[in-house]
Amino acid sequence: MTGQERSEEKSECVSLSPMMEAVPAPPQSERVCVFGTGDLGRSLGLRLLQAGYGVVFGSRRPHSSSSLLPHGAQVLGHAAASQSAHLIFIAVQREHYDFLVPLANQLKGKVLVDLSNNLKKNQYPEANAEYLQSLVPGAEVVKGFNTLSAWSLQNGPSDANRQVCPIVSLIMLSLCYLPGVLASFLQLYRGTKYRRFPNWLDRWMLCRKQLGLLSLGFAFLHVLYTLIIPIRYSVMFWVTEHTVSLIRENRTTMFDTTTAWHDDSYLSLGILGFGLYVLLGITSLPSVINALSWREFSFVQSKLGHLTLLLCTAHTYLYGWNRFLSSSTYKWYTPPGYMLCLVLPSVVLLLKLLLITPCVDRTITRIRQGWERGADQRNPKDSQPLIP
Ligand code: NAP
């Protein structure tokens, strides 16, 4: 690098404000360059920094770059940034690739990674990487990383245990209890139980057993995944690593009572919820149903069912704990999956709470016993029979 280029780099270099997620200081052993400070550029830059690379962004406006850029990266103009690394990721839309033409000389011999995707198939006569190569003939163009989304790069790898099984299970359990609650409100509104529910609600109510069994299946997978956590290589590695580093540095960590309470309550609610889940599953077996009276069956499926939903929802709320209040949880300003999946069960539980308040419960019970609102004044011929 010439002295002039160095001074150019120095003058254009901007110190960035910290990003939401603090990144450990990278060793800066090897520098890579990312052209474009948009969604993908920022996310890729963050991951590269976390992997220990030094990252230099090339931008049209290095002095007014987004405050969302990862802490520890530099932002320079395109020309200066391209001088600081051999490998350059082009995180810019293909439509704007012509900005590279004046840089063709500086990019000679560099490796350019084309990250672009097109909106439509066969949108252009040649592939984006071929187009890039034609603009910068002296560079080595490779295609890659275009199948990764900025979102997944920001959020890290998905964990089936943490993200899929419990979320699907909780949502399915809520969907199992939502139609019953809606049916009760419909009866309250109509003031009678002698009118057919809409077909969609009828069919939904008939699916409740299948929904419940599927949700039990996902809950079971969640339990299995949780049980194997201690024997996972990555967990054993980090536990050992942490212990060894404590010994090496002659440090001790204090026992945190709040964390212990939180973990114990979170696990206890999960275990209780799963126990009741299994009971619900068992009582939906035909041989068991035949042995139960109607009162026993409805106690288990309705009362214990809603209790299961409550325990599992509380288990998930405890999982979130104080993360609900931490801004770093809301990557890209959106709540994570475990928070979003709480919406439906919370709504179902709130509606159920309304239904069991004494005044509403009294009316519902009377309706279920055959009472009809305004039946005295109404002509009996007006009421629509349940079975025509
Ligand atoms: P974006 O958020 O719109 O960012 C594009 C960046 O390109 C801008 O922030 C800007 O950075 C730079 N740019 C815009 N116009 C320019 C111009 N005329 N000349 C030079 N630079 C210009 O787009 P993105 O979502 O990051 O996507 C970037 C590329 O990655 C696209 O080709 C896309 O197909 C591909 N990709 C994106 C994703 C994804 O999840 N987003 C996934 C796979 C592939 P400066 O203001 O700093 O110059």
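The values are calculated or read from the model by the stated rules, or taken from the named source; none is laboratory data. Remember, it's a predicted structure, so these values are computed and weren't measured experimentally. A quick note on method: Cβ atoms are made from the backbone with ideal geometry, for glycine too, and the neighbour counts reach across all protein chains shown. Just the protein is used for accessible areas: all its heavy atoms, side chains included, with ligands, DNA and RNA removed. Shrake-Rupley method; radii C 1.70, N 1.55, O 1.52, S 1.80 Å.
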Study note, to complete from the structure: Quick count over region 292-312, residues being free of Cβ contacts under 8 Å to residues at least 40 places away in the same chain and farther than 11 Å from Leu349 by Cα, is 12
Check your understanding: How many residues are under 19 Å from Leu103 (Cβ atoms) and either more than 14 Å from the ligand (Cβ to nearest atom) or among the hydroxyl-bearing types (Ser, Thr, Tyr) (or both) if we restrict to region 39-62?
Key -> 1
Review point. Which of the following residues is outside any helix (DSSP H, G or I) and open to solvent by less than 50 Å² (accessible area, probe 1.4 Å): Gly180, Gly212, Gly138, Gly217?
Key: Gly138
Check your understanding: Condition test on Ser346, is it among the polar types (S, T, N, Q) and free of Cβ contacts under 8 Å to residues at least 24 places away in the same chain?
Key -> no
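Please go through region 325-378 and pick out each residue that is among the charged types (D, E, K, R), open to solvent by less than 60 Å² (accessible area, probe 1.4 Å) and assigned to a helix (DSSP H, G or I).
Restricting attention to region 325-378, the residues satisfying the condition of being among the charged types (D, E, K, R) are 331, 352, 361-362, 366, 368, 372-373, 376, 378.
After this cut, where a residue has to be open to solvent by less than 60 Å² (accessible area, probe 1.4 Å) as well, the list is 331, 352, 372.
If the condition is that a residue be among the charged types (D, E, K, R), open to solvent by less than 60 Å² (accessible area, probe 1.4 Å) and assigned to a helix (DSSP H, G or I), then Lys331, Lys352 are the ones that fit.
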Review point. Is it the case that region 271-292 has a residue that's among the hydroxyl-bearing types (Ser, Thr, Tyr), farther than 30 Å from Leu153 by Cβ and part of a helix (DSSP H, G or I)?
Key: yes
Exercise for review: Please find, within region 145-170, the residue that is farthest from the ligand (Cβ to nearest atom) out of those that are open to solvent by 50 Å² or more (accessible area, probe 1.4 Å), farther than 20 Å from Val92 by Cβ and at pLDDT below 85.
Suggested key: Arg162
Check your understanding: Can Leu115 be described as within 14 Å of the ligand (Cβ to nearest atom) and touching a residue at least 60 places away in the same chain (Cβ under 8 Å)?
Key -> yes
Check your understanding: In region 63-98, how many are within 11 Å of the ligand (Cβ to nearest atom) and closer than 16 Å to Leu112 by Cβ?
Key -> 11
